[in-house]
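The values are calculated or read from the model by the stated rules, or taken from the named source; none is laboratory data. Everything numeric here is computed off the predicted structure, so don't read it as measured data. Here the Cβ is made from the backbone with ideal geometry for all residues, glycine too, and neighbour counts use every protein chain on show. Note: accessible area is taken over every heavy atom of the protein model, side chains too, but ligands, DNA and RNA are not part of it. Shrake-Rupley method; radii C 1.70, N 1.55, O 1.52, S 1.80 Å.
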Protein chains: 2
Amino acid sequence: MKPSIPKGTRDFSPNEVAKRKYIFSTIQKVFENFGFQPIETPSFENSSTLMGKYGEEGDRLIFKILNSGDYLRKADANLLGNKESQKLTSQISEKALRYDLTVPFARYVVQHQNEISFPFKRYQMQPVWRADRPQKGRFREFYQCDADVVGSKSLLQEVEFVQLYDAVFSKLKLTGTMIKMNNRKILSGIAEIIGASDKLINFTVALDKLDKIGEEGVVKEMLEKGITEKAIEKVKPLFSFNGSNKEKLAELKGMLAASDEGLNGVSDLEFVVDSIEELGLESAELEIDVTLARGLNYYTGAIFEVSAPKGVKMGSIGGGGRYDDLTGIFGLKDVSGVGISFGLDRIYLVLEELNLFETVDLPQPKVLFLNYNNEQQITVLKALKALRSSNIKCEVYPDVASSNKQQKKQWKYATTRGIEFTVTDIENELFTLKNMNTGDQVSCNLSEMIETLK
Amino acid sequence: MKPSIPKGTRDFSPNEVAKRKYIFSTIQKVFENFGFQPIETPSFENSSTLMGKYGEEGDRLIFKILNSGDYLRKADANLLGNKESQKLTSQISEKALRYDLTVPFARYVVQHQNEISFPFKRYQMQPVWRADRPQKGRFREFYQCDADVVGSKSLLQEVEFVQLYDAVFSKLKLTGTMIKMNNRKILSGIAEIIGASDKLINFTVALDKLDKIGEEGVVKEMLEKGITEKAIEKVKPLFSFNGSNKEKLAELKGMLAASDEGLNGVSDLEFVVDSIEELGLESAELEIDVTLARGLNYYTGAIFEVSAPKGVKMGSIGGGGRYDDLTGIFGLKDVSGVGISFGLDRIYLVLEELNLFETVDLPQPKVLFLNYNNEQQITVLKALKALRSSNIKCEVYPDVASSNKQQKKQWKYATTRGIEFTVTDIENELFTLKNMNTGDQVSCNLSEMIETLK
């Protein structure tokens, strides 16, 4: 029976690792260019750090680690007898795998507050684990790449995050991404106007269907959800919300004239839109989207979400926002922050679909020394050493071919792995170097070979 | 109450992450130079893949993951009632965290055997988890960096692994590491000579104390362990085993003349020693060490262990060996392999102790724009954009200083973080650039600033 791996997890082959590293290092370079600094936190945290931070659903999806040793010794006999799984958990498990990077980051900030110079710009690129039902683009082990600034309320950060998204996707040659922005204060303003904040989600969900079911359908759904006709009248400009960002902001200003908080949100967004207009974007587009309600219970200012270029079917490939109280859950009050995240695994799928990995250096050696002759081994080892000193990836086929069949096997090894050059023969310190793509052969000494392969 | 992290785990600050990345990327570059290709496997495996592969002690130290949902539903009521922790585990946990990289690699090779071109040279740098008692240089979450070749018995690999160790430590400027080698077949030969293989471990342990307790003490201990005087006489050359590698090999040849397997091991080592003598090492030394018995139940040929330079107190910083049957446990027979491992966390401690991180680029931005004036924000954002396009790490202090005190805070932020340059003023597109180390100030336009900072 062939061995297997757990549902929702993946092995990565050499080429996959290389492509993933290309995305990681692109994001990392941009993060550092923007002044962000890396931290890393342990894969597992004390359960008390994680539990209760992601809602009931989140608690359920967190992977718990069984205590070591005689873990049942102190467990409540009644809970065991009645098989009360949920209540027993905290008695037999005190650690759990990281569910996201935000809560561990909040824990880190509180724990290390005396070593940190605020505002603290940190990035973190590590795996997280969720016992979710696996599906396309959703795994049980996946990477998040987060950048956050804590300890500042400046809107400059929001401008920089738009630029940062644009810089990463431009470097990945992924043109046409859409950076959508909203502001929680605008949503609160809309809630004021329609008369009840508890209807805000119904409202945004209905509005989001405008493309599919038209204005009539949207109004019908809103009425069904208990939003009054009068309220709908007030926010009607949103139904024809198709102009430029400037036009949208102008509409919002009129619509939210009666809500101070709403106007505040409009002015925040205006600052970002105006700045980005001055600065320009290389490959992405910035779009105001008032239906964006991502993490509504969490974000207090800007809300970001990035979608893949049109035509690529994929959920959001990034998102984030501003939160006024990140670290309050761990006892440190009034630390405002704003952050964004890149979905590494989904970005991978998008780049793959659009053939954007073509230029990635795969980890093949540049040259393979075929091994037909025992007498030449030291010469080969010396040549390999010289090539490696010049940073040329190279290897020798380890076993000497003692038959025609074995020679063919070496040949096949070179072609299957897509190795570009082979050394097929050595005589009097002269190497026969074969270009496997063209079939051309040259005879050269060691330094000539290094020149050719560089 | 301040939050904390689980025993034996660590947070890594920005500077620590940067230094760790420096080690990782050094090892990675050398691995790839030598023709190794990266793979990655999931953090957790099916428990059946891991359990029973590391002995009883290992099974105990593996972190098990609790099943999701109502995990007690199908559990045996008697086991619960009697609190039989050990027997219950497999009923409530079917996944476990990776304990090393070798078993997941063996599983990978078997599962992907039809996609792999053998000999397969793979490297893998990932964390592993062990519920060990934490102590200096031993953690519950730590990284391993492994390179293995499977599907070949060629001794060229052993030579290359010595070179690879030397290349990595040379690049890390860690001179004076000792690469110790032994061969399982020599140990088997000694067992033959002393009359019993079950006494081999007692024998090597006693011999290893030669430095401390002298020949007399060693002989005494051996006799106590039941090794006969006659047997001790036969292996006496090992007591004055202090010459060059060549001299040691000559001694061994004489001593093991009656054991074919022993002579075989000597000849294997001889090939490595002779080749390395021809090729030379840059910073490490190769030493035959017949007391090296690491992984005795596992290795079948070469055995490697690397110790830190003299004067640094630290367990081994690397090790490995040849195994004839890596994948047999998963049903694929006769795949010979040889591999080595780098202990990232220990290498870190050694480099720290020897101040060898001095040249590592820390992830600070090169320049910070102080933020004293609201009117200049777009000019600043434009300058940042231009600097980042030239790959100069930079940032702006996000909040505008509206008081003297706030200006001082920005100043302190720059010095605490060790940022090299600040822009203290902007007028008419001219930037006042201050070198924070020398105190020198220059007034320059954007392109002059880029030139200075590059």
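From the list A:Gly254, A:Gly319, A:Gly339, the one residue that fits, being under 19 Å from the mean Cα position of the chain (by Cα), small (Gly, Ala, Ser) and more than 14 Å from chain B (Cβ to nearest Cβ), is A:Gly319. Just one residue in the set A:Ile378, A:Ile426 is aliphatic (A, V, I, L, M) and crowded, with 16+ Cβ neighbours inside 10 Å; that residue is A:Ile426.
In the range B:97-108, how many residues are of a type in the set (A, V, I, L, M) and either surrounded by fewer than 23 Cβ atoms within 10 Å (Cβ to Cβ) or out of contact with any Phe, Trp or Tyr (no Cβ under 7 Å at 6 or more places or on another chain) (or both)? Show your work before the answer.
So in the range B:97-108, the residues of a type in the set (A, V, I, L, M) come out as B:97, B:101, B:103, B:106.
Cutting the leftovers down to either surrounded by fewer than 23 Cβ atoms within 10 Å (Cβ to Cβ) or out of contact with any Phe, Trp or Tyr (no Cβ under 7 Å at 6 or more places or on another chain) (or both) gives us B:101, B:103.
Going through the range B:97-108 one residue at a time, the tally reaches 2.
Residues that are farther than 18 Å from A:Leu446 by Cα and buried (at least 16 other Cβ atoms within 10 Å of the Cβ) within the range A:381-402 comprise A:Tyr397, A:Pro398, A:Asp399, A:Val400, A:Ala401, listed in sequence order.
Residue-by-condition table, conditions (1) of a type in the set (D, E, K, R); (2) under 40 Å from the mean Cα position of the chain (by Cα); (3) assigned by TED's automatic domain parsing to the domain that holds B:Ser390:
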{"residue": "B:Ser402", "(1), (2), (3)": "no, no, yes"}
{"residue": "B:Gln407", "(1), (2), (3)": "no, no, yes"}
{"residue": "B:Gly418", "(1), (2), (3)": "no, yes, yes"}
{"residue": "B:Glu427", "(1), (2), (3)": "yes, no, yes"}
{"residue": "B:Leu433", "(1), (2), (3)": "no, no, yes"}
{"residue": "B:Asn437", "(1), (2), (3)": "no, yes, yes"}
{"residue": "B:Gln441", "(1), (2), (3)": "no, no, yes"}
{"residue": "B:Cys444", "(1), (2), (3)": "no, no, yes"}
{"residue": "B:Ser447", "(1), (2), (3)": "no, no, yes"}
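Which of (1) under 30 Å from A:Glu427 (Cα atoms); (2) within 14 Å of chain B (Cβ to nearest Cβ) does A:Thr327 not meet, given it meets every other one? Single failed check for A:Thr327: (1). Applying the set (1) within 14 Å of chain A (Cβ to nearest Cβ); (2) open to solvent by less than 10 Å² (accessible area, probe 1.4 Å) to B:Ile186 leaves exactly one unmet item: (1).
Within the range B:342-370, count every residue that is within 14 Å of another protein chain (Cβ to nearest Cβ) and of a type outside the set (Lys, Arg).
13
With respect to B:Ile193, determine if the residue is in a loop (DSSP other than H, G, I, E, B), within 20 Å of B:Leu292 (Cβ to Cβ), in the same structural domain as B:Ser336 (by TED's automatic domain parsing) and open to solvent by less than 30 Å² (accessible area, probe 1.4 Å). When the stated conditions are applied, B:Ile193 does not pass them. Of all residues in the range B:168-182, none satisfies being open to solvent by 10 Å² or more (accessible area, probe 1.4 Å), within 14 Å of another protein chain (Cβ to nearest Cβ), closer than 27 Å to A:Val380 by Cβ and among the hydrophobic types (A, V, I, L, M, F, W, C). Might you check whether a residue that is under 23 Å from B:Leu50 (Cβ atoms), modelled with pLDDT of 90 or more and within 14 Å of another protein chain (Cβ to nearest Cβ) occurs anywhere in the range B:283-305? There is no residue in the range B:283-305 that is under 23 Å from B:Leu50 (Cβ atoms), modelled with pLDDT of 90 or more and within 14 Å of another protein chain (Cβ to nearest Cβ). Only one entry in A:Phe12, A:Phe31 is aromatic (Phe, Trp, Tyr) and closer than 22 Å to B:Phe120 by Cα, namely A:Phe12.
This table checks each residue for (1) closer than 25 Å to B:Val110 by Cβ; (2) under 23 Å from the mean Cα position of the chain (by Cα).
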site	(1), (2)
B:Ser47	yes, no
B:Gly55	yes, yes
B:Ser68	no, no
B:Ala75	no, no
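Is one or more of the residues making up the range B:355-367 in contact with a strand residue (DSSP E or B) (Cβ under 7 Å, 6 or more places away or on another chain) and open to solvent by 10 Å² or more (accessible area, probe 1.4 Å)? Yes, that holds for at least one residue.
Here B:Tyr123 fulfils each of the conditions (1) among the hydroxyl-bearing types (Ser, Thr, Tyr); (2) under 17 Å from the mean Cα position of the chain (by Cα); (3) open to solvent by 10 Å² or more (accessible area, probe 1.4 Å) apart from (3).
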